[in-house]
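The next block holds one structure in the form of structure tokens; read it before the comments.
The values are calculated or read from the model by the stated rules, or taken from the named source; none is laboratory data. Computed from a predicted structure; not experimentally measured. Positions of Cβ are backbone-derived with ideal geometry, glycine not excepted, and every protein chain shown enters the neighbour counts.
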Amino acid sequence: MTVASRPAPARIGLARAALGRAGGYVAVFAVALTITFLLPRALPGGPLRTLGGGEVGDLDPAARAKVVAAYGLDQPLHVQFGRYLRDLIRLDLGESFNGGRPVVEAIREALPWTLLLVGTSVLLTAAVGVLLGVIAGLRRGRGKGNLLLAGVLLFDAAPAFWVGMLCILFFGVHLGVLPTFGVTTAGHTGLAAVGDVASHLVLPVGVLVATGIGQFFLVTRFSVASALHAPHVEHAHARGIPHRRVVARHLLRPALLPVHTQLMMELGWLVGGALVVETVFAYPGLGRLTFDAIQGRDYPTMQGTFLTLTVTVLVMNALADLTYPLLDPRIRARGRS
Amino acid sequence: MSHRTRRRRMYTLRLLAAGLLLAVAGCAGDGAGSPAAKEPQTASALTIAVGGDQGTLTPYTYRTGYPGYHLMSLVFDTLLVLDPSNQVTPLLATGLTTSADSRVFTLPLRTDVSWHDGEAFTADDVVFSIDYYRKHDSVRFASALAAVEDVQVRDATVVITLDKPDPEFPVRQLADMPILARHVWSGITDPQKAPVSAAVGTGPYRLAGYEPERRYELTANTAYPIGKPRVDKLSVSVIPQQQTALAALRTGEVHLVADEVPPNLTDQLSAQQGVKMATGSNFSSTLLVFNDGKAPFDRVELRQAISAAIDTRDLVDTILLGQGTVGSPGFWHPEAPGADTSLKHSYDPAAAAAKLDALGAAPGADGVRVLDGKPLSFELLVYADSPDRVRAAELITEMLGKVGVKTTVRAMDADSVDVKVWPDFDVAKGRDFDLAMWGWSATTMTAYTKLAGLVATDPKAGSLNVTGVVDAELDTVAKELLATTALAERQAAAGRLQQLLAQKTPFVTLYYPAGAYAYRGDVFAGWAYQQGWGPLNKNSLVARHG
């Protein structure tokens, strides 16, 4: 067999692998789809209180049955599942049990706020975590490095709820420099509105970053510290390469591989929102939408938000698979061979 | 993390936050104790914080209870209305005449009222509303309308005739049922999904904007002929976390927090400059319910013994820090109309022990009494997300332990408890519990029929009989109450039923927490506390003419 004859079977192999991977994603999606339907119905209680109101006990049994039938909840489970799939094919996620608002509309309204809040905080968390991780890694075992480690671990261990309340009381109540809740103040337009949204974003993002940098920090710190005296780093120093360049090319770059994995995992959960922070700051994101839906046993909204989360996780996993070779030459080399 | 674990964690965190707020409030020193400033009775704009979304504020899509109903009532009017002391007064009707047999209700209507879209309000709208609620009966306003035999309109006067007497019809229906605009609602065939555009009423405020899960914008109806709205613009913001809402109150971003302030924060908050507390009674109740249909709780003596072993005063002092009322053995709040105030809970552990001895329940080797061969050891269910009830359950466990009755507290999420105590909210479906911490909302104390509903054996009349009590005497008095034709008779029957409840003890009424609501008195101080409910209501926000 000549070298020239190899690409065809290699391409077939690659295509098979890609197909296999895609098949895996489809299988996971199908299982997730079923779970998103069954999970809400497995919870104790039901949506009757949401459908019939808090004083549902005042309704006579016939009226209660009518309410249940109006939402098809009197049908067998397989019939309900069939309807769910049929509607899903039409990209219809149904209507919320709480007021009949289309679920797609509710998600569409909540998603931008979540992307803004969690997206900003994940990127900032990664950047700050890596930066502090490099500093702490280079100073491992020394005063500043230990102080940094203790500080980050302290914030990492602190509940976001508690840190959020502290921030509200200090920056909102005591200093009076930042709004304490919500995403906008009524009446702002144009640039003032942008500034208003940004000012509402500061505290929740700050809390998410402060309480979330632990993973990025620790992973980077460990990678940098363990490679600090590796032969290739010593060799680079011996060759007279400037310290900053050594840090950037020989310490930081390898450290970014686990950071990349961590970042993709965090981005995958992006649309899950940040339930605690969204609740503390009355931020109208997907986390709160999901939580309220669970509390009210609002099946269509639960299905819709779970499904959105599932799809995002799968897409981010796929993206991680695709982008990993760009960072790791070993994967590229394995792919070529 | 599981949902239950998360809730427990949230509960712990809430306690932490409450302590934190106390600490910061104590050291912030932003003007505590300053002299009372002016108390404005009008304002150009107010922001009210509510704990959750309250629906689209139509009679079919609002979130029931307080403050959802009261917000909806700012947009929609009723024929009659309850004043701050819960007395019926005219609103869309100019008066009410009731026939001697409490079957015919004559209501002359105002002729100067318009809907928010400019259409004139007429008697046809009232007739349409009654028909509409009866046709689309998946709403609580429909229940009492089942008895409507005829509705006539004579010269802008509506005459409603019932097929049986109902002396409480004015208070539980005419002062409760929002009137719908015929020209808006006649085109709505599925009212459970009524759009926000259907929130067109005759009330003192128009719904100008609604962002789900975020806020409502209400503007004053300047053409309101019944009175002048005191606030030009109301903004209602959804703030799920109460600590955040209270912090926003202190910064002045919020001017009223619609949720009750926990007892441990009231003193600290009211010491802040500009912050005041609206306080009054709260008709919601906290109970210890037995599964009365199941041995040994089917024995009155055992229930009486357990009741006597519980120190309800201690519960109020320990859990509510004294900011509440000890439960009446007759269930009815002592300040609610028709209460038998002579009924007092008797805490007497010695008498409780004597009753148990008399039953033949002797202590076993482990100190737990044994009755009919079975130890008096029970599971006590409680909502995990209700800190005061969990604490009350723990204290009750200690109190009952002293007389040889063992209880094990089982904190579960609210739906899991509901499934066991009140499956599908239908008492005919039975129950599966021993003991549970339970509670009824303030609505339960708005009509004497609800008192009968707590104990009547027939599921239709006894729709609130979650204990499953079956007692001929209770049934007889409940039937008498429901058959009364005059309000005075019904009140007397309610009095008899309260006495019988105290005697039969189908459940133990532990306490009624007091209502305490924080507001910015320096911005608007016109809040009128409606007894049993709270300050957010039409009486607070409208200065009535005449």
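Overview of results
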read-out: Residues of the stretch B:414-431 satisfying the condition of being closer than 17 Å to B:S386 by Cα and either acidic (D, E) or touching a residue at least 60 places away in the same chain (Cβ under 8 Å) (or both); value: B:D415, B:D418, B:V421
read-out: Residue in the stretch B:147-159 that is among the aliphatic types (A, V, I, L, M), crowded, with 16+ Cβ neighbours inside 10 Å, closer than 27 Å to B:A223 by Cα and in contact with a Gly (Cβ under 9 Å, 6 or more places away or on another chain) present; value: no
read-out: Sole exception among (1) under 22 Å from the mean Cα position of the chain (by Cα); (2) buried (at least 21 other Cβ atoms within 10 Å of the Cβ) for B:V403, by number; value: (1)
read-out: Positions within the stretch B:27-44 being at pLDDT 50 or above and either surrounded by 15 or more Cβ atoms within 10 Å (Cβ to Cβ) or in a loop (DSSP other than H, G, I, E, B) (or both), in sequence order; value: B:K38, B:E39, B:P40, B:Q41, B:T42, B:A43
read-out: Qualifying positions in the stretch A:66-98 - buried (at least 16 other Cβ atoms within 10 Å of the Cβ), of a type in the set (A, V, I, L, M) and part of a helix (DSSP H, G or I); value: A:V67, A:V68, A:L88
read-out: Wholly enclosed strands (runs of 3 or more DSSP E) of the stretch B:337-418 bearing at least 1 residues within 14 Å of chain A (Cβ to nearest Cβ) and basic (K, R); value: B:406-412
read-out: Which listed residue, of B:A516, B:A543, B:A528, is closer than 28 Å to B:T78 by Cα, assigned to a strand (DSSP E or B) and in contact with a helix residue (DSSP H, G or I) (Cβ under 9 Å, 6 or more places away or on another chain); value: B:A516
read-out: Segments classed as strands (runs of 3 or more DSSP E), wholly inside the stretch B:138-244, with at least 2 members that are more than 30 Å from B:L487 (Cβ to Cβ) and touching a helix residue (DSSP H, G or I) at 6+ places or on another chain (Cβ under 8 Å); value: B:205-211, B:215-220, B:231-238
read-out: Residues within the stretch B:415-473 that are of a type in the set (F, W, Y) and over 26 Å from B:S281 (Cα atoms), tallied; value: 3
read-out: Residue satisfying all of: in the stretch B:134-179; among the small types (G, A, S) and under 17 Å from A:A62 (Cβ atoms); farthest from the other protein chains (Cβ to nearest Cβ) among these; value: B:A147
read-out: Verdict on A:L88 being more than 23 Å from B:P191 (Cβ to Cβ) and at the interface with another protein chain (Cβ under 9 Å from one of its Cβ atoms); value: no
read-out: Residue identified as modelled with pLDDT under 95 and either among the basic types (K, R) or out of contact with any Asp or Glu (no Cβ under 7 Å at 6 or more places or on another chain) (or both) among B:V104, B:V126, B:V159, B:V139; value: B:V139
read-out: Of residues in the stretch B:234-246 being more than 9 Å from every other protein chain (Cβ to nearest Cβ) and under 24 Å from B:L57 (Cα atoms), the one surrounded by the fewest Cβ atoms within 10 Å (Cβ to Cβ); value: B:Q242
read-out: Complete set of residues in the stretch B:395-411 that are in contact (Cβ under 8 Å) with a residue 60 or more places away in the chain and farther than 23 Å from B:L320 by Cβ; value: B:V403, B:V405
read-out: Residue within the stretch B:299-308 that is touching a Ser or Thr at 6+ places or on another chain (Cβ under 8 Å) and surrounded by fewer than 19 Cβ atoms within 10 Å (Cβ to Cβ) present; value: yes
read-out: Residue in the stretch A:46-59 that is assigned to a loop (DSSP other than H, G, I, E, B), more than 7 Å from chain B (Cβ to nearest Cβ) and without any contact (Cβ under 8 Å) to a residue 60 or more places away in the chain present; value: no
read-out: Count of the stretch B:113-159 residues which are of a type in the set (A, V, I, L, M) and touching a residue at least 60 places away in the same chain (Cβ under 8 Å); value: 3
read-out: Within the stretch A:247-302, tally of residues that are at pLDDT 85 or above, among the charged types (D, E, K, R) and either crowded, with 24+ Cβ neighbours inside 10 Å or assigned to a helix (DSSP H, G or I) (or both); value: 4
read-out: Some residue of the stretch B:266-282 being under 30 Å from A:A63 (Cα atoms) and at pLDDT below 95; value: yes
read-out: Yes/no for B:L249 being outside any helix (DSSP H, G or I), within 14 Å of another protein chain (Cβ to nearest Cβ), within 30 Å of B:T42 (Cα to Cα) and not acidic (D, E); value: no
read-out: 1 or more residues modelled with pLDDT under 90 and surrounded by fewer than 21 Cβ atoms within 10 Å (Cβ to Cβ): qualifying helices (runs of 4 or more DSSP H) within the stretch A:118-209; value: A:120-138, A:143-157
read-out: All positions within the stretch B:432-452 that are within 23 Å of A:A62 (Cβ to Cβ), in contact (Cβ under 8 Å) with a residue 24 or more places away in the chain, within 11 Å of another protein chain (Cβ to nearest Cβ) and not in a loop (DSSP other than H, G, I, E, B); value: B:T443, B:T444, B:T449
read-out: Number of the condition not met by B:A220 [criteria: (1) within 14 Å of chain A (Cβ to nearest Cβ); (2) without any contact (Cβ under 8 Å) to a residue 40 or more places away in the chain]; value: (1)
read-out: Neighbours by Cβ (under 6 Å, 6+ apart or cross-chain): first from the stretch A:135-157, farther than 18 Å from A:H243 by Cβ; second hydroxyl-bearing (S, T, Y); value: A:F155/A:T211
read-out: Some residue of the stretch B:119-133 being within 23 Å of B:I226 (Cβ to Cβ), within 14 Å of another protein chain (Cβ to nearest Cβ) and outside any loop (DSSP other than H, G, I, E, B); value: yes
read-out: Counted residues, the stretch B:458-488 - those being over 19 Å from B:V508 (Cα atoms), at pLDDT 95 or above, surrounded by fewer than 18 Cβ atoms within 10 Å (Cβ to Cβ) and not basic (K, R); value: 3
read-out: In the stretch A:154-177, the residues that are under 14 Å from A:V202 (Cβ atoms), of a type in the set (G, A, S) and more than 7 Å from chain B (Cβ to nearest Cβ); value: A:G164
